[in-house]
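Reviewing the structure listed below.
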Amino acid sequence: MNVSLPVVESHEEYEKKEKCGVFGIWGPKESAEICYQGIFAQQHRGQESAGIATTTGVDLNGHTGMGLVSQVFNPRMIKEELAGHAAIGHVRYSTTGSSKLCNAQPLLREYSMGPVAIAHNGNLVNASLLRSEYEAYGHIFQSTTDTEMIVHLLAKPSHVEKADPLLHVLQHLQGAFSLLFLFVDRIEACRDPWGIRPLAIGRTHDGHIASRARRALSTRLTRSTSAKSSPARSCGSTTTG
């Protein structure tokens, strides 16, 4: 019996795309340059798009683009347009949401508490349900990625009023994820309770706090510093409704 097998023109057709790379650093004046190196080193985790967001202490600036890290950024952009003392970066493979510019991260948005940038690795299994609920109340989404749902959760008035809004928002997320949030005055790093999308937090030789995605599933996110003593903060999370 003759059996005809499908011709595979490229391995990309069957490539499993479950990774993204995230990196963040707080403190040095050359934060964007260090962040560039951080996401460049994680290029294997995402080759569809790349982005960096920085803070000057007054406002956030960001740039995203389709393609490799070296194609999205140039030296002038890194040193001038993205100058700041803290930065988060992202390289993406599309898991939820198609491969297009509006889904490139970090997502940079403005809400009642000011600007925020989010870099996300993982999948939120309840994002579609939450999105449908928020769209029914008139919320307008600018992308098709599940990451944007987090901004809408942050911006909800009843969440903003909480003593710790971000921690409350995390309690609404279900799935495997690691997240970096860049605000004007701080970075917050979070991961799912099981560490399925693990995150490592450490310090550079100069003492600056840095965070990046890790391959090892046994990696734990530890509280390296408290919110009161430093602008860089780590958060725990749960998945209760």
field: Selection within the stretch 72-109 - within 16 Å of the chain's Cα centre (by Cα), surrounded by fewer than 23 Cβ atoms within 10 Å (Cβ to Cβ) and under 22 Å from residue 188 (Cα atoms)
entry: 108, 109
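So which strands (runs of 3 or more DSSP E) stay within the stretch 84-127 end to end and still have 1 or more residues that are at pLDDT below 95 and farther than 20 Å from residue 61 by Cβ? Full working, then the answer.
Values: elements: 86-92, 107-111, 114-124.
Answer list for the stretch 84-127: 114-124.
I'd like to check something: does the stretch 100-112 contain any residue that is over 20 Å from residue 141 (Cα atoms) and of a type in the set (A, V, I, L, M)? Before the answer, list the steps.
Taking the stretch 100-112 and keeping what is over 20 Å from residue 141 (Cα atoms), we get none.
No, there is no match, as no residue in the stretch 100-112 is over 20 Å from residue 141 (Cα atoms) and of a type in the set (A, V, I, L, M).
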message: Between a residue in the stretch 58-80 that is acidic (Asp, Glu) and any residue that is surrounded by 12 or more Cβ atoms within 10 Å (Cβ to Cβ), which pairs come within a Cβ distance under 7 Å, given they are 6 or more apart or on different chains?
response: 59/115; 59/184
- request: Could you please let me know if residue 53 is surrounded by 15 or more Cβ atoms within 10 Å (Cβ to Cβ), touching a Phe, Trp or Tyr at 6+ places or on another chain (Cβ under 8 Å) and within 29 Å of residue 196 (Cβ to Cβ)?
  value: no
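With the requirement that a residue be surrounded by fewer than 24 Cβ atoms within 10 Å (Cβ to Cβ) and either modelled with pLDDT of 95 or more or in a strand (DSSP E or B) (or both), what does the stretch 27-36 give you? Steps first, answer last, please.
If we filter the stretch 27-36 for residues that are surrounded by fewer than 24 Cβ atoms within 10 Å (Cβ to Cβ), which is where we start, we get 27-30, 33-34.
Of everything in the stretch 27-36, those that are surrounded by fewer than 24 Cβ atoms within 10 Å (Cβ to Cβ) and either modelled with pLDDT of 95 or more or in a strand (DSSP E or B) (or both) turn out to be 30, 33, 34.
The values are calculated or read from the model by the stated rules, or taken from the named source; none is laboratory data. What you see is a predicted model; the values in this text were computed from it and never measured. Cβ sites come from the backbone with ideal geometry, for glycine too, and all protein chains shown count toward neighbours.
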